[in-house]
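Asker: What follows is a structure written as structure tokens; I'll ask about it next.
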Amino acid sequence: MFGYIVPVKKELLRQDYVLYRSFYCGICKLIGKNYGQLPRFTTTYDITFLSLLVFDQLNADVQFAEETCIGNPVRRHVIVKGNSLLDRLAAANVILSYHKLRDDVIDGAGRGRRTMLRALGRPYRQALALCPGIDAIVKRGYDGLRKLEQAGETGIDRAAHPFAALLKEAALDLVGGEADGPLARLCYNLGKFVYLIDALDDIDEDAKSGNYNPFLKRFGNYQNRRQFLTDNAPALDFILASTVNRAIACFNELNFTQSYSLLKNIVHLGLRDKVNEVFASGKKLDRPRI
Amino acid sequence: MKDPYAILGLDRESPPELLRARYEELRGIYSEGRFAPGDAGNEAARNLSELEEAWVTISERIAAKERTGDGSDLGYIDMLIRDGRYDEAQYKLDALSDRSAEWHYLQSIIYYKREWLSESKVQLETAVSLDPGNGRYRAALDKLNLVIGNPNTNADALNDGIRGQSQQFYEEPPRQAGNTLSNCCLAYCLTSLCCDCVRCCG
């Protein structure tokens with residue numbers, strides 16, 4: 001479900017690219033330090049975005065260092081140094097990944113993911129001890145999704161609500177602020193976006209496996225990905241464009257302190273770009289590389 | 001934000017005529033007071049802009065009430081929505097069995113405020129089909145389709161429109177802030193014009 005909130009690389013300023021990589025690498029390294037090497041693979045672009053947003057909104061202290069990496073032991077990379085806020089974000093990443101994997105396993109995922117879930121057990125318990133509030137939010141979100149799936153929910157907004165609320169509440173837990181404010185609404189729509197774009201991207205898989213998919217429930221008649229996207233183009237366009245536009249509108253209401261142009265690239269350009277990519281692709285998208 | 005009714009020294013149960021009379025009375029007092037020297041003048045100017053802002057909210061509510069029939073359930077629900085009390089408004093809507101075009105319109109606003117835009121659109125479409133001549137319903141549906149649901153809308157021009165200033169979807173008269181400012185400018189221009197005239201004549 002992750003990897004959909006990303007910048008548009010060709011529009012990214014050089015300094016923003018370095019800032020983005022430094023957060024990504026900083027979180028990855030911190031996960032390695034706090035939870036061991038294995039969970040480093042769970043680092044996502046989405047948590048990188050969330051970290052940038054949280055740091056920016058709190059105007060939190062950011063310190064950089066130059067370090068090498070297992071993936072590239074020769075070159076030194078600029079990374080963000082760990083601090084207590086980044087610790088919490090790294091924990092949030094582990095918690096999110098754990099619950100996502102658990103959800104997949106309940107859905108009948110293969111042996112690979114079951115093994116991964118077992119391996120994440122210990123890191124998850126450590127992260128849980130650090131951020132019990134976020135764990136409760138994520139757990140509630142996934143439980144909510146499961147209930148709606150079992151009931152065969154046909155409303156797109158309703159189906160996306162638990163995940164949207166999850167991201168909103170997680171952001172509020174990390175940053176604070178009004179439950180009705182622009183940050184909360186931005187994160188609500190981003191959560192909704194992630195859920196919907198993932199569901200649309202997974203449609204072929206879900207149609208074959210018979211797993212719940214809100215778009216299949218809502219529109220039915222699936223033959224193949226292209227036919228489905230073409231037949232329902234106006235409705236799908238509205239659903240995704242309205243979610244993205246609401247996220248952009250709420251983003252425009254915020255005041256920024258650190259990473260405005262980078263965050264703007266992601267929210268103004270990245271989301272729409274991802275929608276176009278999914279619409280244009282005849283198969284599930286590959287993992288992005290920034 | 002302060003309770004707009006408290007600024008008038010009244011409460012939300014007061015009849016519209018009384019509210020209007022008090023607003024006009026206070027506006028007269030503050031408008032004159034603005035020209036007093038020193039802090040007293042500043043204070044009056046501040047009071048005036050506060051009063052104008054309060055009046056926008058109150059007059060909207062009065063208009064909403066008149067639109068849906070004085071004191072009717074839908075008028076009350078409209079007020080709840082304007083106050084941001086969506087759960088209460090939803091509860092009241094659910095309890096109504098007569099689902100008119102206005103009912104669907106109000107339901108669409110609650111969905112919009114909850115960021116459920118697909119559901120909001122369905123309700124607006126129903127409102128338009130039940131009352132095709134209503135300009136408010138059609139304007140809201142057009143905005144939803146052409147601006148908020150349009151993947152090519154200019155991203156920089158989008159604004160929240162949920163809590164005040166610049167509403168995108170929820171029909172509302174233009175906000176007073178701009179008007180207050182232009183009123184002040186107008187007053188300044190007129191005053192300066194008078195001074196010039198006096199100088200010329202003298």
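The values are calculated or read from the model by the stated rules, or taken from the named source; none is laboratory data. The model shown is predicted, which means the values in this text are computed figures rather than measured ones. FYI the Cβ positions are ideal-geometry reconstructions off the backbone, even for glycines, and counts take in every protein chain you see.
Asker: Give all pairs with beta carbons closer than 7 Å in which a residue from the range B:31-48 that is under 17 Å from B:Ile7 (Cα atoms) meets a residue that is polar (S, T, N, Q); count only pairs at least 6 apart in sequence or on separate chains.
Answerer: B:Leu48/B:Ser31
Asker: Within the range B:110-162, which residues are within 12 Å of chain A (Cβ to nearest Cβ), surrounded by fewer than 20 Cβ atoms within 10 Å (Cβ to Cβ) and part of a loop (DSSP other than H, G, I, E, B)?
Answerer: Within the range B:110-162, B:Arg114, B:Asn150, B:Pro151, B:Asn152, B:Thr153, B:Asn154, B:Asn159 meet the criteria.
Asker: Can you tell me which residue in the range A:98-148 is farthest from A:Leu174 (Cα to Cα), limited to those that are touching a residue at least 60 places away in the same chain (Cβ under 8 Å) and under 20 Å from the mean Cα position of the chain (by Cα)?
Answerer: A:Asp107
Asker: Would you be able to tell me the number of residues in the range B:116-167 that are among the polar types (S, T, N, Q), farther than 18 Å from A:Tyr188 by Cβ and at pLDDT 95 or above? Let's see the steps before the verdict.
Answerer: Initially, the range B:116-167 is screened for residues among the polar types (S, T, N, Q), giving B:118, B:120, B:123, B:126, B:129, B:134, B:145, B:150, B:152-154, B:159, B:165-167.
If we keep only those that are farther than 18 Å from A:Tyr188 by Cβ too, we end up with B:123, B:126, B:129, B:134, B:145, B:150, B:152-154, B:165-167.
If we keep only those that are at pLDDT 95 or above too, we end up with B:123, B:126, B:129.
Selection size over the range B:116-167: 3.
Asker: Please list, ordered by residue number, the helices (runs of 4 or more DSSP H) wholly in the range A:48-160 having 2 or more residues that are surrounded by 16 or more Cβ atoms within 10 Å (Cβ to Cβ) and either charged (D, E, K, R) or at pLDDT below 95 (or both). Show your work before the answer.
Answerer: Details: elements: A:84-106, A:111-119, A:121-130, A:132-151.
Those helices (runs of 4 or more DSSP H) span A:84-106, A:111-119, A:132-151.
Asker: In the range B:91-109, what residues are of a type outside the set (A, V, I, L, M) and buried (at least 19 other Cβ atoms within 10 Å of the Cβ)? Before you say what the answer is, go through the steps one by one.
Answerer: Pass one, the range B:91-109, residues of a type outside the set (A, V, I, L, M): B:91-92, B:94, B:97-100, B:102-105, B:107-108.
Passing the criteria: B:Glu102, B:Trp103, B:His104, B:Tyr105, B:Gln107, B:Ser108.
Asker: Let me ask another. Taking only the range A:251-275 into account, find how many residues are at the interface with chain B (Cβ under 7 Å from one of its Cβ atoms) and over 18 Å from the mean Cα position of the chain (by Cα).
Answerer: The number of residues fulfilling the criteria is 2.
Asker: Hey, does the range A:186-199 have a residue that's touching a residue at least 12 places away in the same chain (Cβ under 8 Å), farther than 20 Å from B:Arg114 by Cα and of a type outside the set (Val, Ile, Thr)? Before you say what the answer is, go through the steps one by one.
Answerer: Within the range A:186-199, the first condition is being touching a residue at least 12 places away in the same chain (Cβ under 8 Å), and the residues that meet it are A:186-199.
Imposing the further condition that a residue be farther than 20 Å from B:Arg114 by Cα reduces the set to A:198-199.
Retained after the next criterion (residues that are of a type outside the set (Val, Ile, Thr)): A:198-199.
Checked against the condition, which is being touching a residue at least 12 places away in the same chain (Cβ under 8 Å), farther than 20 Å from B:Arg114 by Cα and of a type outside the set (Val, Ile, Thr), the range A:186-199 yields at least one hit.
Asker: Here are some residues: B:Asp39, B:Asp78, B:Asp73, B:Asp83. Which one is at pLDDT below 95 and surrounded by 18 or more Cβ atoms within 10 Å (Cβ to Cβ)?
Answerer: Among B:Asp39, B:Asp78, B:Asp73, B:Asp83, only B:Asp78 is at pLDDT below 95 and surrounded by 18 or more Cβ atoms within 10 Å (Cβ to Cβ).
Asker: Do you know which of the residues in the range A:39-66 that are of a type in the set (Asp, Glu) and free of Cβ contacts under 8 Å to residues at least 40 places away in the same chain is nearest to A:Val175 (Cα to Cα)?
Answerer: Of the range A:39-66, the ones of a type in the set (Asp, Glu) are A:46, A:56, A:61, A:66.
From what's left, free of Cβ contacts under 8 Å to residues at least 40 places away in the same chain: A:61, A:66.
On the way: A:Asp61: 14, A:Glu66: 28 Å.
Looking at the filtered set, the residue picked out is A:Asp61.
Asker: Could you look through the range A:276-290, keep only residues that are under 30 Å from A:Gln223 (Cβ atoms) and of a type in the set (A, V, I, L, M), and pick out the one that is farthest from the other protein chains (Cβ to nearest Cβ)?
Answerer: Going through the range A:276-290, the residues under 30 Å from A:Gln223 (Cβ atoms) turn out to be A:276-288.
Remaining after also requiring of a type in the set (A, V, I, L, M): A:278, A:280, A:285.
Values: A:Val278: 12, A:Ala280: 13, A:Leu285: 18 Å.
For the range A:276-290, the residue satisfying everything is A:Leu285.
Asker: Which of the residues belonging to the range A:214-250 are within 11 Å of another protein chain (Cβ to nearest Cβ) and among the basic types (Lys, Arg)?
Answerer: A:Arg218, A:Arg246 - these are the residues of the range A:214-250 that are within 11 Å of another protein chain (Cβ to nearest Cβ) and among the basic types (Lys, Arg).
Asker: Same structure, new question: Need the failing condition index for A:Lys217 against (1) part of a helix (DSSP H, G or I); (2) closer than 26 Å to B:Tyr112 by Cα; (3) under 21 Å from the mean Cα position of the chain (by Cα), just the number.
Answerer: (3)
Asker: Is at least one residue of the range B:94-101 farther than 30 Å from A:Asn245 by Cα, part of a helix (DSSP H, G or I), small (Gly, Ala, Ser) and at pLDDT 90 or above?
Answerer: Yes, the conditions are met somewhere in the range B:94-101.
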